[in-house]
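The values are calculated or read from the model by the stated rules, or taken from the named source; none is laboratory data. Computed from a prediction, not measured in an experiment: that's the story for all the values here. As a convention, Cβ positions derive from the backbone with ideal geometry for all residues, glycine included, and neighbour counts pool all protein chains shown.
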């Protein structure tokens, strides 16, 4: 479906959601991505309410929050039970490696002890046995127990003989959707066949690419037939029968893995996308892929509609990495989002909605961490060794957000830092940087050689250089002081055009950098 296709030709030049960008980068680096083990295929659960400016509106703020939580929780539930992810991954494979891609699905992890196909009522059954009220069978809190379960429990209470094996069996019964659609066969035969291939006696089977395409075709066909049947007769737009309901549960719980062999087309796409980001040529959210569907907040309008330009994005992240380097004094670093603290999630459900009041500080909303990290790698400021999202292990109880393990080239990164905040001279590119201003120079001319000598040793930047000394370092056979005086004069003119009037302190015999630019 077109809505799930990545804009491979960049016709829109829209921003990707940070998670979708990580998904594409993940696929590029590892040639495979799993919906279960990557943690990244989760709808965005953070939503922002705009704080009322009128004091009279503050009284309604609590109601607004409750309404938002209810609406967004339902929206998240709808997304995780939709065909969005599996359809997107199928389109992704066809787009970037039509001949070599493959998709596989399994339900192994989500079917442990019956998993999502079972109703667990063990706690209610044990509580029932401890209840001394003779009218317990009619109590509302035992409403989830069926007739067979209650008859078994009544017999135990009456005779005192507890069959633990039977109790264990009765404590987990098939959910209604699975029982009706598969066990009672109230579903299309080709649907039953595919489900039985994926799920065997509450254990996991496996689907291949062909099975996935068949299942999606069956799902859309059945929904279309269902729509025609019920919309005309009752006016209802949708009606979830057991087949549709079970399909949604399968979409929610299976692990889908996309693998590709040839990554060149994907690499070309990401290279061009990051280049657009660096050149500030992206505008507005992408209108395709998961950004427009799964990760979208729907009709909710953001407080801020424009992200920072790349220069600002880069400044924020470079400064943050500088701090990490100063703290640990090592080139291999673990870098998380500057505005995100690891959060304990042991008591949270996957669809827990977090509503926050819009912050006055715009940094968190307008900073794109994943984009900027990949841009730093693209410009060879660092190497990304490993990356993750959310939890970092099976039993990790903390959401760590986006996390990158990087290795920085101290020399290159130092140049980036100086270009951002101070002064630097790039020999290879013949570029002179002063407080973020860039001056292009002709390579191997007098201005180039003069700066090469001055910047040769970072520890001597504050030194006063005599032109004769500069001449000796450049060419022992030509000790013409005047040519290096003139070189500094030309550099001063170039700096003045950039609004910098006092960078060099000169005499007829010497030059030094003003201490003001070295602090």
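Here is a yes/no grid of residues against (1) part of a helix (DSSP H, G or I); (2) in the same structural domain as residue 314 (by the TED database); (3) touching a strand residue (DSSP E or B) at 6+ places or on another chain (Cβ under 8 Å):
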{"site": "438", "(1), (2), (3)": "no, no, yes"}
{"site": "453", "(1), (2), (3)": "yes, no, yes"}
{"site": "456", "(1), (2), (3)": "no, no, no"}
{"site": "459", "(1), (2), (3)": "yes, no, no"}
{"site": "505", "(1), (2), (3)": "no, no, yes"}
Original post:
For region 507-519, what are the residues that are within 45 Å of the chain's Cα centre (by Cα) and not in a strand (DSSP E or B)?
Top reply: 514, 515, 516, 517, 518, 519
Subject >> Selected residue [modelled with pLDDT of 90 or more, farther than 20 Å from residue 94 by Cβ and either surrounded by 18 or more Cβ atoms within 10 Å (Cβ to Cβ) or out of contact with any helix residue (DSSP H, G or I) (no Cβ under 7 Å at 6 or more places or on another chain) (or both)] from 197, 248 >> reply: 248
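Given 69, 58, which one is surrounded by fewer than 17 Cβ atoms within 10 Å (Cβ to Cβ), at pLDDT below 70 and under 23 Å from the mean Cα position of the chain (by Cα)?
Of the residues listed, the single one that is surrounded by fewer than 17 Cβ atoms within 10 Å (Cβ to Cβ), at pLDDT below 70 and under 23 Å from the mean Cα position of the chain (by Cα) is 69.
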Subject >> Residue, nearest to residue 219 (Cα to Cα), within region 32-52, restricted to residues that are modelled with pLDDT of 90 or more and surrounded by fewer than 17 Cβ atoms within 10 Å (Cβ to Cβ) >> reply: 36
**OP:** Considering each of 239, 228, 214 in turn, give the residue that is modelled with pLDDT under 95 and either in contact with a strand residue (DSSP E or B) (Cβ under 7 Å, 6 or more places away or on another chain) or in a helix (DSSP H, G or I) (or both).
**Re:** 228
**OP:** Filter region 416-436 down to residues that are part of a loop (DSSP other than H, G, I, E, B) and over 21 Å from residue 382 (Cβ atoms) and give me whichever is modelled with the highest pLDDT.
**Re:** 430
Subject >> From 351, 332, residue being modelled with pLDDT under 95 and loosely packed, with under 12 Cβ neighbours inside 10 Å >> reply: 332
Subject >> Residues of region 13-31 satisfying the condition of being out of contact with any helix residue (DSSP H, G or I) (no Cβ under 7 Å at 6 or more places or on another chain) and either at pLDDT below 90 or within 17 Å of residue 371 (Cα to Cα) (or both) >> reply: 14, 15, 19, 23, 26, 29
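In region 137-161, how many residues are in a helix (DSSP H, G or I) and more than 24 Å from residue 176 (Cβ to Cβ)?
Number satisfying all stated conditions: 5.
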